[in-house]
1. Just one of B:Leu202, B:Leu160, B:Leu185 is touching a residue at least 24 places away in the same chain (Cβ under 8 Å) and closer than 18 Å to B:Pro250 by Cα; which is it?
2. Just to check your reading of the model, which residue among B:Ala153, B:Ala142, B:Ala80 is within 14 Å of chain A (Cβ to nearest Cβ), within 18 Å of the chain's Cα centre (by Cα) and in contact (Cβ under 8 Å) with a residue 24 or more places away in the chain?
3. Can you tell me which residue in the range A:133-153 is farthest from the other protein chains (Cβ to nearest Cβ), limited to those that are part of a helix (DSSP H, G or I) and open to solvent by 50 Å² or more (accessible area, probe 1.4 Å)?
4. With respect to A:Asp35, is the statement that it is in contact (Cβ under 8 Å) with a residue 40 or more places away in the chain and either open to solvent by 20 Å² or more (accessible area, probe 1.4 Å) or more than 8 Å from chain B (Cβ to nearest Cβ) (or both) true?
5. Looking at the structure I just gave you, is B:Asp178 closer than 27 Å to B:Ile131 by Cβ, open to solvent by 40 Å² or more (accessible area, probe 1.4 Å) and of a type in the set (D, E, K, R)?
6. Restricting to the range B:57-79, count the residues that are in contact with a Ser or Thr (Cβ under 6 Å, 6 or more places away or on another chain) and open to solvent by 10 Å² or more (accessible area, probe 1.4 Å).
7. Go through the range B:132-156 and report how many residues are in contact with a Leu (Cβ under 9 Å, 6 or more places away or on another chain) and open to solvent by less than 50 Å² (accessible area, probe 1.4 Å).
8. Just to check your reading of the model, which residue among B:Ile238, B:Ile208 is touching a residue at least 24 places away in the same chain (Cβ under 8 Å) and either open to solvent by 40 Å² or more (accessible area, probe 1.4 Å) or in contact with a Pro (Cβ under 6 Å, 6 or more places away or on another chain) (or both)?
Amino acid sequence: MPVTAPQATAGVSAKAESPRDFRSDDSSPLLSVRDLTVFYQTSTVLERVRFDVAPGEYVGIVGPNGSGKTTLIKAILGLVELAEGDVRLFGESLSGFSRWDRVGYLPQMTTLPLQRFPATVAEVVSMGLLARKTFPKRLSKADEEAVDRALSLVGVSSLRSRFIGRLSGGQRQRVFLARALVSEPELLVLDEPVTALDPDGREQFYQTVERLNRQLGTSVLLVSHDSATIGKYASKILYLDRKVVFFGAFGEFCGSEEVTRYLGGAFQHLVCRQHHHHESHA
Amino acid sequence: MLDGPFAQIAQALQYTFVQRALLAGSVVAFSCAFLGVFLILRRFSMIGDGLAHSAFASIGLALLLGAYPLSVTMPVAAVASLLIRKLSERAVFGDAAVGMVSATGMAVGVFLASMGRGFNVDLFSYLFGDILAVTSAEVWGASLLSLVVVLVAVFFYHDLLAVTFDAEYARVVGIRPDRVESVLLVLTAFTVVLGIKVVGTLLVSSLIIFPAVTALQVARGFRSALVLSTVAGVASVILGIFAAYLFDAPAGASIVMVNFVFFALAYTGGRLFRL
């Protein structure tokens, strides 16, 4: 099947702006990605990717293996070099952006050898506060309370003094979510957060994130392999295959003939069925 | 008249060279043990070996040129530490980078030793350490270095912890892992150079590895790991020097043996009490 889909096919937020105007119609985007291109050695990993995330949006990034999902996340966070294009967080270009406390990041299920790492859960979660600290970095009583709030928010307060290396995969992932949340970020970036969790753990995790999105208005950018489930929670979907195949609201995704032509309909059907199922229960 | 081991130790403490050995050994052990916690958790356990071997080459060079060894070994070891970091970052695995720098350093040292036959005996004192011959300048140098290590720890504790735990995440919270690691490795290089005088090139990595690994068996948090590691490191040097004095044994080897006993106790205790 030829890859002929245009950029941001039916994109609601992928509007055609002039370089001076990064604002969408309704509100300033928290995140603007413009013509983002990333090379890895001689191959192009991402090509002219464009999309926005507005306040309160929950965007699910899906796509096949090797489609550049994680690279996109890392490019947004300034962890990989951009060959071309621009990423703006809260209206500021990445090179000048310093308010990383406004962004919470949960990396892919860590492969770090944590077994004998002597850090406690509280110590790990407090790392999420370092972005707002200036030299010399000190944690205050208020910071300790923020750590407690974050642990409570994800339901792992009882683990506060435990070693991070002695937790189960699911517990560890919740602790890392607490670390992402401890600075009360406006944008939460989650990279395949449920990969190592069992079905119950996944459901609980997604519900926690959904609660944050609905109750606190935290914007969410979530990369997922679990395409069927993401349809239940995300308000928008970004289908990535090195380029943006589709970016927009679920309704448009489900009704898009162009997406059907590109994906063959099976994926679309799976996602949309889950989404409708969820909507009818909501 | 000497009655028992305590009396012998009390008498030994009267000697200036023993006092210097204890002081220099303690401050070097403190720095090694403190930095060791970070290095081990960053999977750079053998960097002490690599740096010591590269320092060995530069000691050979200094002796060949008739220069004061520390004036050559300090910068060479610092460059070697940054080279290991660069190699492991871009070209090869971290342990392979350490191995490459280590083998090259040792080869150059042996090569230089074969060129200058007259200083072979001096070079061997660096291989096995000669803590009882520590000079006042070396005591001051080691003390100053320990002070720098303490200051770095106090002011950059959270950065060091974050980078050691997950360097990529540390970048997302605004920390520069490359800078933090470079500071850590250069401090390690200086510490290793001074450690060579205490236990020698062949054993200096034990001052980095043993106390930290011992502490990790029983620590209840990151801060407690740092405290326990430095306590174990300093205690091993003091007890090792006393043991060497009492049994007329080599000081470097005695220090390593004490470290092994500490580890065995911590390992057993950790298992018994499920720490």
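The values are calculated or read from the model by the stated rules, or taken from the named source; none is laboratory data. Predicted, not measured: the structure shown is a model, and the values here were computed from it. Neighbour counts run over all protein chains shown; Cβ positions are idealised from the backbone, glycine included. SASA here: full protein model, heavy atoms, side chains in, ligands and nucleic acids out. Shrake-Rupley method; radii C 1.70, N 1.55, O 1.52, S 1.80 Å.
1. B:Leu202
2. Details: B:Ala142 fails: within 14 Å of chain A (Cβ to nearest Cβ); B:Ala80 fails: within 14 Å of chain A (Cβ to nearest Cβ).
Sole residue among the options that is within 14 Å of chain A (Cβ to nearest Cβ), within 18 Å of the chain's Cα centre (by Cα) and in contact (Cβ under 8 Å) with a residue 24 or more places away in the chain: B:Ala153.
3. Residues of the range A:133-153 that are part of a helix (DSSP H, G or I), as a first pass: A:141-153.
Imposing the further condition that a residue be open to solvent by 50 Å² or more (accessible area, probe 1.4 Å) reduces the set to A:141-142, A:144-145, A:148-149, A:152-153.
On the way: A:Lys141: 16, A:Ala142: 16, A:Glu144: 14, A:Glu145: 17, A:Asp148: 17, A:Arg149: 18, A:Ser152: 21, A:Leu153: 19 Å.
If we take residues in the range A:133-153 being part of a helix (DSSP H, G or I) and open to solvent by 50 Å² or more (accessible area, probe 1.4 Å), then A:Ser152 is farthest from the other protein chains (Cβ to nearest Cβ).
4. It is true that A:Asp35 is in contact (Cβ under 8 Å) with a residue 40 or more places away in the chain and either open to solvent by 20 Å² or more (accessible area, probe 1.4 Å) or more than 8 Å from chain B (Cβ to nearest Cβ) (or both).
5. So B:Asp178 fails the test.
6. 2
7. The total comes to 10.
8. On the way: B:Ile208 fails: either open to solvent by 40 Å² or more (accessible area, probe 1.4 Å) or in contact with a Pro (Cβ under 6 Å, 6 or more places away or on another chain) (or both).
Exactly one residue qualifies, and that residue is B:Ile238.
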